[in-house]
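Remarks on the structure that follows.
Any read-out appearing in this document is the output of simple, stated calculations on the displayed coordinates, not a laboratory observation. Just so it is clear, the model here is predicted, and its values are computed rather than measured. Glycine gets a Cβ as well: all are built from the backbone with ideal geometry, and neighbour counts include every protein chain shown.
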Ligand SMILES: [Mg+2]
């Protein structure tokens, strides 16, 4: 059996261009689907997939680990830069899809699953509509409350908001009080039975991240995400040691060795690896083993397209430390038309029951994808009041 080609499909979904990867084999009808979405780097990832193709075309798709080793290690440069690791992810996910289809079982079963009956999902404030999640000003606490209430009405039991504004390395009370008011408004709106998460988007310095963490602690966050740059392991560890809310990070990390350092420093309690960025399901399984050894929970990053979600769920059904899956459902109204999936979603509680189809159980509608060709992603840039560059 041989891989005969790797095809890429770009589907513009407003905030992101979804990149779907199709690995084609010489067996009639046997293809695998992966996803390699990397916003603002769409053309680079497409090029990286083209550069990787000579390593895998002509090879046996069943030798997934061997192919992963080649893609990660060959031609001198290792595969952990964000563009190449995302490109590897797209191909690796598709190879696992093929493996499941060959075995006639969902991917989670290849890895000894399922380990649970259902997976809980959470949503972004506004369900993934970029204006509401990314652009609701932190000063508008009432809007945060309304959107949180709406998510609960839609069945969610866990909601994430970007309730921490961009700040300079040191600022005074104003941003802290605004964040506190927004989170208090959401807590008052939904009560204590609903879990709230705040994504700081690595906007704060470690010093400010600590102050935000302390200010928000009374509201019992399920986790506090990226309270400072992921590069600052000591900053994350200091915050994680000091506040009660578990620190979450990992969506921008691609390299098993870096995750190992993060875990060894106890810089987080929640690992947000992204299966479309950390060299695929083969990379994610390595990181999950490291996390489990440190008793760190898995809550993967997954704001991308439907193949990413299918892969993340298969992974979740095989991982004991998996606690919750990030999802977006309202980013584009035609999301469900682009791909059919094999799992079932229970609207009450937004719980996902296992996929019963082989592989990832996902099939991409190529004709639908073609209706949404590449468009340049909208710029998302932050400048502080004095004109200096901030983090989005
Ligand atoms: Mg995040």
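Exposure proxy ranking for 110, 55, 147, based on other Cβ atoms within 10 angstrom of each Cβ and starting from the fewest, stands as 55, 110, 147. Could you work out how far helix 173-190 tilts from the main Cα principal axis of the chain, as a 0 to 90 degree angle to the nearest 10? With both axes taken from Cα atoms, the answer is about 70 degrees. For the chain, the longest principal axis of the alpha carbon atoms and the long axis of helix 280-293 meet at an angle near 50°.
Taken as Cα centroids, the range 176-193 and the range 127-148 sit 12 Å apart, rounded to the nearest whole angstrom. Seen against the Cα atoms of the chain and their longest principal axis, helix 82-103 is set at about 50 degrees.
Ranked by the mean number of other Cβ atoms within 10 Å of their residues, highest first, the peptides 270-281, 346-357, 236-247 come out as 270-281, 236-247, 346-357. Between the C-alpha center of the range 11-46 and that of the range 223-270 there is a gap of 29 Å. Across the range 1-130, Cα-Cα pairs farther apart than 19 Å form 54% of the total.
Okay, which of the range 355-392 sit inside 19 Å, backbone N to the point 7 Å along the Cα-Cβ direction of residue 43? Those under the cut-off are 373-380. Remark on the range 110-358: ratio of C-alpha radius of gyration to 2.2 N^0.38 Å is 0.97. When 198, 57, 190 are sorted by how many other C-beta atoms sit within 10 angstrom of their C-beta, beginning with the fewest, the order is 57, 190, 198. Is any residue of the range 276-299 close enough, with backbone N under 17 Å, to a label point placed 7 angstrom from the Cα of residue 69 along the Cα-Cβ axis, and if so, which? Counting backbone N atoms under 17 Å from the label point, the list is 282-283, 286.
For a quick check: sort 199, 117, 51 by the number of other beta carbons within 10 angstrom, fewest at the front.
With the sparsest Cβ surroundings first, the list reads 117, 51, 199.
Globularity index of the range 109-196 is 1.31 (Cα radius of gyration / 2.2 N^0.38 Å, N = number of residues).
With a cut-off of 8 Å between alpha carbons and a minimum separation of six or more residues, what is the relative contact order of the chain in percent?
So the answer I get is 21 percent.
Distance between the C-alpha centres of the range 272-293 and the range 313-392: 18 Å, rounded to the whole angstrom.
Length gain on complete extension for the stretch residue 265 to residue 177, per 0.36 nm per residue less the alpha carbon to alpha carbon distance?
Net length gain for the segment: 28.7 nm.
Taken over the range 321-392, the convex hull of the Cα atoms encloses 193 Å³ per residue.
With each label modelled as a point 7 angstrom along the Cα→C-beta vector, the residue 384-residue 168 pair spans 0.5 nm.
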